[in-house]
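This report refers to the structure that appears directly beneath it.
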Amino acid sequence: MIIALLLVNLVVFALKLISAILFWGIIIAAGLFAYKGLNKLK
């Protein structure tokens, strides 16, 4: 039972970590894309 709880906690932690990485990755990618786009407009 304790092992099952640890596994659930590990999965939840992994999902949170992956979602956080995706979230920041998208923000950084969008920022770089916007920066390059603005440089082309100048």
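The numbers here are math on the coordinates, done by the rules we state, and not lab data. Owing to the predicted nature of the structure, the values given are computational and were not obtained by experimental measurement.
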Review point. Counting each DSSP H run of 4 or more residues in the chain as -39500 (n - 2.57), what helix-only mean residue ellipticity at 222 nm follows after dividing by all residues, to the nearest 500 deg cm²/dmol?
Key: -35000 deg cm²/dmol
**Study point:** Segment Leu38-Leu5, extension gain: residue separation times 0.36 nm, minus the distance between their alpha carbons
**Key:** 7.0 nm
Check your understanding: Roughly what angle does helix 2-41 make with the longest principal axis of the chain, taking Cα atoms, 0 to 90 degrees, to the nearest 10?
Key -> 0
**Study point:** Segment Ala29-Ala14, extension gain: residue separation times 0.36 nm, minus the distance between their alpha carbons
**Key:** 3.2 nm
